[in-house]
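The values are calculated or read from the model by the stated rules, or taken from the named source; none is laboratory data. Note that this is a predicted model, so its numbers are computed, not measured. Glycine gets a Cβ as well: all are built from the backbone with ideal geometry, and neighbour counts include every protein chain shown. These area figures cover heavy atoms from the full protein model, side chains too; ligands, DNA and RNA do not enter into them. Shrake-Rupley method; radii C 1.70, N 1.55, O 1.52, S 1.80 Å.
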Amino acid sequence: MLRRTIASLKSSISLHITEEKDRICPKHIDSVITFVLGGPGSGKGTQCAKIVETFGFKHLSAGDLLRKEIVSDSEYGSMILDTIREGKIVPSEVTVKLILRELESGDNHKFLIDGFPRSEENRIAFEHITGSEPNFVLFFDCPEEEMVKRVLSRNQGRIDDNIDTIKKRLKVFESLNLPVIDYYAKKGKLHRINAVGTEDEIFEQVRPVFAACEKATIT
């Protein structure tokens, strides 16, 4: 059943991405790409900032890219806004287009893609459009009650930070993101991080992953 579902997703996605694939510059092919996964409030954004400072990666937050698009008055802005308010997933091709725009700009070839892929459809779309997979994947594993507490306390005035929407987002994360986590775990690419503790304590789990990657790149 799962194989049939994934095959159906591939068929559906391929109808939308052919033109995009033809236009993609192969610049990203030699890049180091890391997916950073975790529920809202898991602390992945904070850890990404530390990774950027320590190891020189470029941080691409899927959520920030989507919010930036909302205020840019683009063709996707209103649709993205309505989708986020409903706690649903933004169409894969939209998110991948925004990510690819960043991958193909600038001279940095080391990327943290934060909050993506959020579903198997996202993952398949990314692989089809880019023709590549992440080098490795970080998953910040955090209890639900801790994530809710963190999101409510950060008070950043974000449109998607109210209690009802947080609960919707957590349900969406659990149902759609965990299969992605399982997929990369089976491929041996997943690094599971215990996301409870101080920022420095959590980073001490993260540091060896990127230190090993840096060493492998040099050799």
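Could you run the Karplus curve 6.51 cos²θ - 1.76 cosθ + 1.60 with θ = phi - 60° over the range 191-202 and give me ³J(HN,Hα) per residue in whole Hz, x for Gly and Pro?
10, 8, 10, 6, 8, 10, x, 6, 4, 5, 4, 5
Restricting attention to the range 40-69, which trypsin sites (Lys or Arg not before Pro) occupy a DSSP loop and are surrounded by at most 16 other Cβ atoms within 10 Å?
For trypsin sites (Lys or Arg not before Pro) across the range 40-69 that sit outside H, G, I, E and B with at most 16 neighbouring Cβ atoms in 10 Å, the list is empty.
Using Cα-Cα distances under 8 Å and only pairs 6 or more residues apart, what relative contact order does the range 60-202 have, in percent?
28 percent
Using just the Cα positions, wrap the range 95-154 in a convex hull and report its mean projected area in square nanometres, one decimal place.
5.6 nm²
What shape does the range 163-212 have by the C-alpha gyration tensor, where a ≥ b ≥ c are the square roots of the eigenvalues, rounded means a/c under 1.5, and otherwise prolate means a/b greater than b/c and oblate the rest?
In terms of gyration-tensor shape, oblate.
For a quick check: with amide H placed at 1.01 Å from N, whose amide H comes under 5 Å from ILE193's, ignoring anything fewer than 5 positions away on the same chain?
Those qualifying (amide H under 5 Å, at least 5 residues apart or on another chain) are PHE139, PHE140, ASP141.
What order, most packed first, do the peptides 186-198, 168-180, 107-119 have when packing is the mean number of other Cβ atoms within 10 Å of each residue?
My ranking of the peptides, most packed first, is 107-119, 168-180, 186-198.
Report, in listed order, any pair from LYS68/LYS171; LYS44/LYS215; LYS149/LYS189; LYS68/LYS110 with a Cα-Cα distance greater than 27 Å.
LYS149/LYS189, as the Cα separations exceed 27 Å there.
Find, to one decimal place in angstroms, the Kirkwood hydrodynamic radius of the range 62-188, where the mean of 1/r is taken over every pair of different Cα atoms and then inverted.
15.8 Å
Along Cα→Cβ, 7 Å out, is where each label goes; now give me the distance between the ones at VAL52 and LYS187 in nm to one decimal.
Distance between label points: 2.5 nm.
Per residue of the range 57-64, in order, report the coupling 6.51 cos²θ - 1.76 cosθ + 1.60 (Karplus, θ = phi - 60°) as ³J(HN,Hα) in whole Hz, putting x for Gly and Pro.
In residue order, the calculated couplings are 6, 8, 8, 10, 8, 4, x, 5 Hz.
For the range 66-125, what class follows from the C-alpha gyration tensor (a ≥ b ≥ c being the square roots of its eigenvalues): rounded when a/c is under 1.5, otherwise prolate if a/b is larger than b/c, else oblate?
Oblate, because a/c is 1.5 or more while a/b does not exceed b/c.
Heavy atoms of the protein only, probe of 1.4 Å, neighbouring chains included. What is the accessible area of ASP182 in Å², nearest 10?
Ignoring ligands and nucleic acids, ASP182 comes out at about 80 Å².
Could you give the accessible area per residue of the range 63-219, probe 1.4 Å, as a whole number in Å²?
Spelled out: the 1.4 Å probe surface of the range 63-219, per residue, equals 52 Å².
5 Å is the cut-off here: which amide hydrogens, built 1.01 Å from N in the peptide plane, fall below it relative to SER61, excluding neighbours closer than 5 in sequence?
Correct list: ASP114.
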